[in-house]
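A.B. asks: Following this message is one structure expressed as structure tokens.
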Amino acid sequence: MKEITLRPKEQPKVRLEAEVINPAVFAGKGLKEIEGLQIQLGNTRVRLADFFEVSGARVDDPKDLRIVIDGDAGHTKRIGEGMATGEILVRGGVDMYVGARMTGGRIIVEGDADSFAGQQMVGGELVIKGNAKDYVGSSYRGDWRGMRGGTITVEGNAGCENGEFMMGGKIHIKGSAGPFTGLHMKKGLIVVGGNAPRVGAQMQGGSIVVAGKMEKLLPGFWLEGEEENLKIEADSFEGRYLRYSGDHAEGNVKGLLYLKKPI
Amino acid sequence: MSLILKNGIVYDPRNGMKGEKKDIFIENGKVVEKLRDRKAQVIDVSNKLVMPGGVEIHSHIAGGKVNVGRMLRPEDRLKLIMPRTPLTRSGAGFANPTAFMTGYLYSKMGYTTTFTPAMPPLMAKHTHEELHDIPMTDKGAYALTDGNWFIYKYLKEGDIDKCAAYVAWLLKATRGLAIKVVNPGGTEAWGWGKNCTSLDDPVPNFDITPREIIRGLMEVNERLGLPHSIHLHTTNLGRLGNYVTTLETLKIPNGTKAAFDRQVMHLTHLQFHCFGGDTWKNFESKADEVVKEVNKRENVAIDSGNVTLDETTTMTADGPMEYYLQSLSHLKWVNKNVEMETAPGVTPFIYSNKMSSSSIQWAIGLEVELLVKDPWKIMLTTDHPNGGPFFRYPRIIAWLMSRKYREKTMAEVHKAVQDHTILPTLDREYTLDEIATITRAAPARAFGPLAETKGHLGVGADGDVSVYDIDPRAFNPNDYLEIEERFSKAAYTVKGGEVVVKDGEIVKVVQGRTLWSSPPVNEALAREVMKDIEYSFKRYYSVNLANYPVAEGYLSGSTPIVTKSKIA
Ligand SMILES: [Zn+2]
């Protein structure tokens, strides 16, 4: 893969919105053109080069292109939004909406991500090595059609309402998650390695696996049995799990919740 | 200030112009024979299509439920975003554009008058606040009267004069232009979890039937000499087999005389009322049977309520219908009870070309338009946003003008259209004269005396004109994409003699007038009815009577229409 590097200059207090940080947008453009790409700062338009130093050489095929943000982009929203191919590597944190509506390619964030990471994601891979805030892999505000495909991995902890209205794909939170993960979930898989309270509210389908403790199991979940060394499609989970169906507060329920049994 | 539009090809159905080359002169906001002003602005519109400014008769652009629709669906905003420009404000929303954006979008299409058809009286202030924020067009709102306890009581007592005096008070209090009747009786029944499922199904606790409410309000309307007839969304909207109710509704006006040369009943969004079949599997179009009846009747006019095959937000004052719709779609929904007046609802709906029902509804809308023989009886609407957003009108115009375009779309929709509708057999292609009729002249005529100034370009008309970059003499209906594009972006829109749109872009922002009806009532009768109003407000309403009426200062460009009432 060929790289184009963005080195953050002094960052503004007001957040930047830079959906142009996307291999398909960079591909076929010379450095001058990339430097001139318009991004949003509050209610004004600025140039990408006003806040990022651009280096590298022109790459024609976005498949071969890795955009490296060499530093912290914690004040930049919408990195890789709608991305379809190629790669983005951020050697720091990102603001909201990283990888929102992405359909393919790969994004790796070495630091933390703000809310709505991978919102309404359709395909591809999003890895957050630090922590994520709320709404990982959620739907857009008000929409009943959430994440449809692809995988999101958070190696640290995540906030509330992850996978809200999820319709497919996989979210793996290796640390703990906040309340209401899997809210309104319809399909797909959410795995929480750590603790997670009040999981699966109003879920109608899909599976949630919690390997840590779960406080406050919601009353709409019914214990169905126990399973040893769980298998869900291609994924397997060691240990003994309690299997619940739910959330029976909804009609026509096919949701499954697996809680690891403490040894 | 004066303006000459030179050498345009004019379509002006009211004045019998079908593509004649003619200069249009406008002075002080009105069309004149000749200009006195020698320094008039001259615009060369050679070989361009010139029509009167568009008149919208039924589009939910303001009112409580429009705003509820915006709150219910933040995700709708993502689908259409207009950034601000030095002249215009920013806006967003596909099914429910924000208020300012609504005005801009209409103006870009060449529309200059827009009426919103469902103002709950208790929410009149809010409705006018929203209308105030819609620039570019003249506006008006129809007051909902379908679930109104006063009206039930007076009609039940057979006291048409008192009922008329009450309605006159209501129109003045709410600054309403016309009377809207939605699922008469059904919206009151909904307060008890019930509905009225036929024209003779009595309203719980009131012992009055939908038929009696429609008939009574029709009489009231003509006695008050209101510009428009009653504007009726009849019983059983969107229900399977509802065409039977529609056929019966069409017979109600028998013998009723109109106060003006117009219909006595406007039956709105007919598409939603032509459903045959008793399961969604055998759902079929009955547009042919219903329109046959429309064609026979001189005292009825309709609008189409086309479905545009988009994802939209439905919103009607018909609470039970919206509840029924969400029970089919399982999507989020809102119902609201407006005290003694009405009960609206809101829910999103996706008209998908893969679904047989949506596809059949798309076909019914076009069948209605293609089967009505006299274009003066039918007006183009989508019942925005119920059948689709209003800015799809250019696409509907292209479907009407091009059989080839319809065939292309028929190949892309569900095959049920082939045997559950007769659209494939309809060859008719609308002419530009007919398009000008259903979007300008006919909706103006439906408003009686308003037709003197709206929907035509004769001397004395408002200086509202739209010019499109279409040469009617070198024009091919098979270029349907071009028709759609050109009608979407007026070459010029002129409002009150000022150029407000050029090449599809807003070049001047103007604030239109607000039209409302002011029917005089004799003092003794008014005083008697006022006693009832005071009593009921104390007893039942959540607001004080003094806080109910909309002060005239609320309106932008308040324009009362004082009628020739028979109870003056
Ligand atoms: Zn309507």
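The values are calculated or read from the model by the stated rules, or taken from the named source; none is laboratory data. The structure presented is a predicted model; accordingly, all values stated were derived computationally and were not measured. Ideal geometry is used to build each Cβ from the backbone, glycine not excepted, and the neighbour counts take in all protein chains shown. Areas reflect the complete protein model, heavy atoms only, side chains present, ligands, DNA and RNA absent. Shrake-Rupley method; radii C 1.70, N 1.55, O 1.52, S 1.80 Å.
A.B. asks: I want to confirm something. Restricting to the stretch B:307-331 and keeping residues that are touching an Asp or Glu at 6+ places or on another chain (Cβ under 7 Å) and under 19 Å from B:V181 (Cα atoms), which single residue is nearest to the ligand (Cβ to nearest atom)? First the steps, then the outcome.
C.D. replies: Of all residues in the stretch B:307-331, those touching an Asp or Glu at 6+ places or on another chain (Cβ under 7 Å) come to B:313-314, B:316-317.
Add one more test, that the residue is under 19 Å from B:V181 (Cα atoms), and what stays is B:314, B:316-317.
Numbers: B:T314: 9, B:T316: 6, B:A317: 8 Å.
Residue satisfying both the conditions and the ranking: B:T316.
A.B. asks: Out of the residues in the stretch B:318-337 meeting the condition of being in contact (Cβ under 8 Å) with a residue 60 or more places away in the chain and buried (at least 20 other Cβ atoms within 10 Å of the Cβ), tell me which one is nearest to the other protein chains (Cβ to nearest Cβ).
C.D. replies: B:L325
A.B. asks: What's the total number of residues in the stretch B:1-15 that are touching a residue at least 40 places away in the same chain (Cβ under 8 Å), in a strand (DSSP E or B) and of a type outside the set (K, R)?
C.D. replies: Of the residues in the stretch B:1-15, 9 are touching a residue at least 40 places away in the same chain (Cβ under 8 Å), in a strand (DSSP E or B) and of a type outside the set (K, R).
A.B. asks: Can you name the residue in the stretch B:365-395 that is closer than 19 Å to B:H231 by Cβ and among the aromatic types (F, W, Y) and, of all such residues, is farthest from the ligand (Cβ to nearest atom)?
C.D. replies: This residue is B:W376.
A.B. asks: Could you please give the count of residues in the stretch A:163-176 that are within 15 Å of A:D112 (Cβ to Cβ) and open to solvent by less than 10 Å² (accessible area, probe 1.4 Å)?
C.D. replies: 1
A.B. asks: Let me ask something additional. For B:G19, work out the one condition from (1) on the phi < 0 side of the Ramachandran plot; (2) surrounded by 15 or more Cβ atoms within 10 Å (Cβ to Cβ) it doesn't fulfil.
C.D. replies: B:G19 satisfies all of (1) on the phi < 0 side of the Ramachandran plot; (2) surrounded by 15 or more Cβ atoms within 10 Å (Cβ to Cβ) except (1).
A.B. asks: I've got another one for you. Please work out which residue is farthest from the ligand (Cβ to nearest atom), limiting yourself to the stretch B:295-306 and to residues that are more than 18 Å from the chain's Cα centre (by Cα) and not in a loop (DSSP other than H, G, I, E, B).
C.D. replies: Step by step, filter the stretch B:295-306, then rank; the result is B:K296.
A.B. asks: Hey, another quick one. Mind checking which residues of the stretch A:83-101 are closer than 24 Å to A:G146 by Cβ and open to solvent by 40 Å² or more (accessible area, probe 1.4 Å)?
C.D. replies: If the condition is that a residue be closer than 24 Å to A:G146 by Cβ and open to solvent by 40 Å² or more (accessible area, probe 1.4 Å), then A:A84, A:M96, A:Y97, A:R101 are the ones that fit.
A.B. asks: Out of A:G206, A:G200, A:G194, A:G182, which single residue is surrounded by fewer than 17 Cβ atoms within 10 Å (Cβ to Cβ), modelled with pLDDT of 95 or more and under 24 Å from the mean Cα position of the chain (by Cα)?
C.D. replies: Unique residue meeting the criteria: A:G194.
A.B. asks: Now for a different question. Take B:K65 and decide whether it is away from every other protein chain (no Cβ under 14 Å), basic (K, R) and within 16 Å of the ligand (Cβ to nearest atom).
C.D. replies: So B:K65 passes the test.
A.B. asks: Taking the stretch A:127-146 only, how many residues are away from chain B (no Cβ under 14 Å), over 9 Å from the mean Cα position of the chain (by Cα) and open to solvent by less than 50 Å² (accessible area, probe 1.4 Å)?
C.D. replies: Within the stretch A:127-146, residues that are away from chain B (no Cβ under 14 Å), over 9 Å from the mean Cα position of the chain (by Cα) and open to solvent by less than 50 Å² (accessible area, probe 1.4 Å) number 1.
A.B. asks: Is it the case that some residue within the stretch B:71-79 is away from chain A (no Cβ under 14 Å) and open to solvent by 10 Å² or more (accessible area, probe 1.4 Å)? Full working, then the answer.
C.D. replies: Initially, the stretch B:71-79 is screened for residues away from chain A (no Cβ under 14 Å), giving none.
Within the stretch B:71-79, not a single residue is away from chain A (no Cβ under 14 Å) and open to solvent by 10 Å² or more (accessible area, probe 1.4 Å).
A.B. asks: Might you check whether a residue that is within 23 Å of B:G448 (Cα to Cα), touching an Asp or Glu at 6+ places or on another chain (Cβ under 8 Å) and open to solvent by 10 Å² or more (accessible area, probe 1.4 Å) occurs anywhere in the stretch B:186-204? Steps first, answer last, please.
C.D. replies: Kept after step one, since they are within 23 Å of B:G448 (Cα to Cα), are these residues of the stretch B:186-204: none.
So far as the stretch B:186-204 goes, no, none of its residues is within 23 Å of B:G448 (Cα to Cα), touching an Asp or Glu at 6+ places or on another chain (Cβ under 8 Å) and open to solvent by 10 Å² or more (accessible area, probe 1.4 Å).
For every residue, the table says whether it meets (1) buried (at least 22 other Cβ atoms within 10 Å of the Cβ); (2) among the charged types (D, E, K, R).
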{"residue": "A:G28", "(1), (2)": "no, no"}
{"residue": "A:L37", "(1), (2)": "no, no"}
{"residue": "A:G56", "(1), (2)": "no, no"}
{"residue": "A:T103", "(1), (2)": "no, no"}
{"residue": "A:I108", "(1), (2)": "no, no"}
{"residue": "A:D112", "(1), (2)": "no, yes"}
{"residue": "A:G118", "(1), (2)": "yes, no"}
{"residue": "A:G124", "(1), (2)": "yes, no"}
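A.B. asks: Considering only residues that are open to solvent by 10 Å² or more (accessible area, probe 1.4 Å) and at negative phi, which ones fall in the stretch B:151-185?
C.D. replies: Result: B:K153, B:L155, B:K156, B:E157, B:D159, B:I160, B:D161, B:K162, B:W169, B:K172.
A.B. asks: OK, next. Just to be sure, is B:Q361 away from the ligand (no atom under 16 Å from the Cβ) and either farther than 19 Å from B:L247 by Cβ or not basic (K, R) (or both)?
C.D. replies: Working: away from the ligand (no atom under 16 Å from the Cβ): no; either farther than 19 Å from B:L247 by Cβ or not basic (K, R) (or both): yes.
It is false that B:Q361 is away from the ligand (no atom under 16 Å from the Cβ) and either farther than 19 Å from B:L247 by Cβ or not basic (K, R) (or both).
A.B. asks: Still on this model: If B:T314 meets every condition in (1) open to solvent by 10 Å² or more (accessible area, probe 1.4 Å); (2) within 25 Å of B:I230 (Cα to Cα); (3) touching a strand residue (DSSP E or B) at 6+ places or on another chain (Cβ under 6 Å) apart from one, which number is that one?
C.D. replies: (1)
A.B. asks: Mind listing just one residue for me: the one in the stretch B:348-372 that is in contact with a strand residue (DSSP E or B) (Cβ under 6 Å, 6 or more places away or on another chain) and not in a helix (DSSP H, G or I) and, of those, surrounded by the fewest Cβ atoms within 10 Å (Cβ to Cβ)?
C.D. replies: Checking each candidate, the answer is B:I350.
A.B. asks: Pairs under 6 Å by beta carbon, first residue at negative phi and in a helix (DSSP H, G or I) in the stretch B:433-462, partner hydroxyl-bearing (S, T, Y) and surrounded by 22 or more Cβ atoms within 10 Å (Cβ to Cβ), six or more apart or different chains?
C.D. replies: B:D433/B:Y11; B:A436/B:Y11
A.B. asks: Can you tell me how many residues within the stretch A:210-263 are in a loop (DSSP other than H, G, I, E, B) and of a type outside the set (F, W, Y)?
C.D. replies: Pass one, the stretch A:210-263, residues in a loop (DSSP other than H, G, I, E, B): A:211-221, A:233-234, A:247-254, A:261-263.
Applying the additional criterion that residues be of a type outside the set (F, W, Y) yields A:211-220, A:233-234, A:247-254, A:261-263.
Residues flagged as in a loop (DSSP other than H, G, I, E, B) and of a type outside the set (F, W, Y) within the stretch A:210-263 amount to 23.
A.B. asks: Now a separate question. Counting only residues that are polar (S, T, N, Q) and open to solvent by 10 Å² or more (accessible area, probe 1.4 Å), which one in the stretch B:205-237 is nearest to the ligand (Cβ to nearest atom)?
C.D. replies: Within the stretch B:205-237, the first condition is being polar (S, T, N, Q), and the residues that meet it are B:205, B:209, B:221, B:229, B:234-236.
Checking which are open to solvent by 10 Å² or more (accessible area, probe 1.4 Å) leaves us with B:205, B:209, B:236.
Values: B:N205: 27, B:T209: 23, B:N236: 15 Å.
Looking at residues that are polar (S, T, N, Q) and open to solvent by 10 Å² or more (accessible area, probe 1.4 Å), I get B:N236.
A.B. asks: Another question about this same structure. What number of residues in the stretch B:408-432 are β-branched (V, I, T) and in a helix (DSSP H, G or I)? Outline the logic, then answer.
C.D. replies: First, pick out the residues of the stretch B:408-432 that are β-branched (V, I, T): B:409, B:413, B:417, B:421-422, B:425, B:431.
Narrowing further to those that are in a helix (DSSP H, G or I): B:409, B:417, B:425.
Selection size over the stretch B:408-432: 3.
A.B. asks: If you don't mind, there's one more thing I want to ask. In the list A:E215, A:E155, which residue meets the criterion of being at pLDDT below 95 and open to solvent by 50 Å² or more (accessible area, probe 1.4 Å)?
C.D. replies: Only one candidate passes the filter, namely A:E215.
A.B. asks: For B:S90, only one of the following conditions fails: (1) in contact with a strand residue (DSSP E or B) (Cβ under 8 Å, 6 or more places away or on another chain); (2) of a type outside the set (D, E); (3) more than 13 Å from chain A (Cβ to nearest Cβ); (4) more than 20 Å from B:G512 (Cβ to Cβ). What is its number?
C.D. replies: The failed condition is (3).
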